[in-house]
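Data first, discussion second: the structure below is written as structure tokens.
Only the coordinates and a few stated rules stand behind these numbers; no lab work does. Just so it is clear, the model here is predicted, and its values are computed rather than measured. Glycine also receives a Cβ, built like all others from the backbone with ideal geometry; neighbour counts cover every protein chain displayed.
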Number of protein chains: 2
Amino acid sequence: MNRKIYLAGPEVFHPNAAALGRQKQALCREYGFEGLFPLDSEIAPRLTATKMAMAIYRANRRMIESADSLIANLTPFRGPSADPGTVFELGYAAGLGRMTLGYTNEAGTLLDKTRAADPAASRDAARHVWRDRLGLEIEDFGLSDNLMIACCLDAGGASLLINPCIEDRCLTDLAGFRACLDLVQRAFAA
Amino acid sequence: MNRKIYLAGPEVFHPNAAALGRQKQALCREYGFEGLFPLDSEIAPRLTATKMAMAIYRANRRMIESADSLIANLTPFRGPSADPGTVFELGYAAGLGRMTLGYTNEAGTLLDKTRAADPAASRDAARHVWRDRLGLEIEDFGLSDNLMIACCLDAGGASLLINPCIEDRCLTDLAGFRACLDLVQRAFAA
């Protein structure tokens, strides 16, 4: 039976979500894997909003549980950090002990990206840290995202793959995804 | 031995992080629990940034593993959604099968908050959805945050506690936290 990979990422919000999911699944097949894509719209559409949300949640959880590995698209989503749904799923997979991998299609550290998004960010010279407009410290470990996200991948042996793209391709470029598939293949072969 | 609760939230970035942590821990003691607060600065400060990040990650993971429950401060953080580090930890705790609870000190649905943050968001009449400035669908299930976050709490039996505060108290108000402690106490008594 083929190894299964859960395909976490904000592609589900893209107008061409289904096509993007099929593209990722086709790449998985090239590597001999089965890609599990959480396409929300396949859930019975007659449910109320609340019941539909819970049905999607349970379906995604079951898919992650049935997978051997998770590859997360951690490209910044509406801010300096990854999509929170994807981050939850990464944490869930790590809690289950699954192999976790991730890529981002945007360069820059969390500090760079947070400062770019918050012109009122400033240096606190006394404490040697940067603070956002509310005075909250901005993490500065040279990582692409919050340390729990970046270090989860480091701890699993495959650091976050950074594959800077022009904004147009930011959500759709698959070079980083393909590099993750290479790593999964090598890990399962070892 | 007292039950342990991991105290997840963006308080770690507050200038008074240590004091906020002690306040939460004192409330935990009132309920007979031990509160585990992930104060990053207690990690050996002589390490390089990369090694320090990994040491914090491993310490936080171990604390979550040793806890019976996790209470997450899911108040919006630099955008419409919760702090991604907190979201990762919520997912990790759920993957481990821990009891998960959460509160937010800001009212409004994810759709409301995303539209407020993105003046270019618009209605896609043909598909009956809202889209952000990049054309990505904005989740609209009437929930406070991404469905994976909100439904994780619903599935655990204790829905996200919403306790709207004025902005000044948004990160520090503990009424929602206290309500979560009530629920944990009842759940462990049952």
Being in a loop (DSSP other than H, G, I, E, B), touching a residue at least 24 places away in the same chain (Cβ under 8 Å) and over 25 Å from B:Arg127 (Cβ atoms) is the filter here; which residues of the range A:1-26 pass it?
A:Asn2, A:Arg3
So which residues in the range A:166-176 are closer than 19 Å to A:Gly21 by Cα, more than 8 Å from chain B (Cβ to nearest Cβ) and either among the hydrophobic types (A, V, I, L, M, F, W, C) or out of contact with any helix residue (DSSP H, G or I) (no Cβ under 9 Å at 6 or more places or on another chain) (or both)?
A:Asp168, A:Arg169, A:Cys170, A:Asp173, A:Leu174, A:Ala175, A:Gly176
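Could you go through the range A:6-27 and let me know if any residue there is within 26 Å of B:Gly97 (Cβ to Cβ), out of contact with any Leu (no Cβ under 7 Å at 6 or more places or on another chain) and not β-branched (Val, Ile, Thr).
Applying the first criterion (within 26 Å of B:Gly97 (Cβ to Cβ)) to the range A:6-27 yields A:6-9, A:12.
Then keep just the ones that are out of contact with any Leu (no Cβ under 7 Å at 6 or more places or on another chain); that gives A:9.
Checking the rest, the ones that are also not β-branched (Val, Ile, Thr) come to A:9.
Within the range A:6-27 (the criterion being within 26 Å of B:Gly97 (Cβ to Cβ), out of contact with any Leu (no Cβ under 7 Å at 6 or more places or on another chain) and not β-branched (Val, Ile, Thr)), the answer is yes, since at least one residue qualifies.
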Pick from A:Arg29, A:Arg61: which is farther than 19 Å from A:Asp173 by Cβ, in a helix (DSSP H, G or I) and within 11 Å of another protein chain (Cβ to nearest Cβ)?
A:Arg61
Of the residues in the range B:110-156, those that are of a type in the set (Ser, Thr, Tyr), more than 10 Å from every other protein chain (Cβ to nearest Cβ) and either under 25 Å from B:Leu171 (Cβ atoms) or assigned to a loop (DSSP other than H, G, I, E, B) (or both) come to B:Ser144
Might you let me know whether the range B:152-168 holds any residue that is buried (at least 18 other Cβ atoms within 10 Å of the Cβ) and without any contact (Cβ under 8 Å) to a residue 40 or more places away in the chain?
no
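Can you go through A:Thr75, A:Thr48 and tell me which one is more than 7 Å from chain B (Cβ to nearest Cβ) and either in contact (Cβ under 8 Å) with a residue 60 or more places away in the chain or buried (at least 16 other Cβ atoms within 10 Å of the Cβ) (or both)? Spell out how you get there, then give the answer.
Values: A:Thr48 fails: either in contact (Cβ under 8 Å) with a residue 60 or more places away in the chain or buried (at least 16 other Cβ atoms within 10 Å of the Cβ) (or both).
Answer to the check: A:Thr75.
Looking for something in a loop (DSSP other than H, G, I, E, B), at the interface with another protein chain (Cβ under 10 Å from one of its Cβ atoms) and surrounded by fewer than 19 Cβ atoms within 10 Å (Cβ to Cβ) - is there at least one such residue anywhere in the range A:95-107? I'd like the intermediate steps shown before the answer.
Keep residues of the range A:95-107 that are in a loop (DSSP other than H, G, I, E, B), which gives A:96-98, A:105-107.
Now restrict to residues that are at the interface with another protein chain (Cβ under 10 Å from one of its Cβ atoms): A:96-98.
Those still in the list that are surrounded by fewer than 19 Cβ atoms within 10 Å (Cβ to Cβ) too: A:97.
Yes; the residues of the range A:95-107 include at least one that is in a loop (DSSP other than H, G, I, E, B), at the interface with another protein chain (Cβ under 10 Å from one of its Cβ atoms) and surrounded by fewer than 19 Cβ atoms within 10 Å (Cβ to Cβ).
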Those residues of the range B:103-118 which are of a type in the set (S, T, N, Q) and closer than 22 Å to B:Gly135 by Cα amount to B:Thr109, B:Thr114
Find the residue count for the range A:81-90, including only residues that are more than 7 Å from chain B (Cβ to nearest Cβ) and not charged (D, E, K, R).
1
Looking at (1) farther than 20 Å from A:Tyr92 by Cβ; (2) more than 15 Å from the chain's Cα centre (by Cα), find the lone condition where B:Glu65 falls short.
(1)
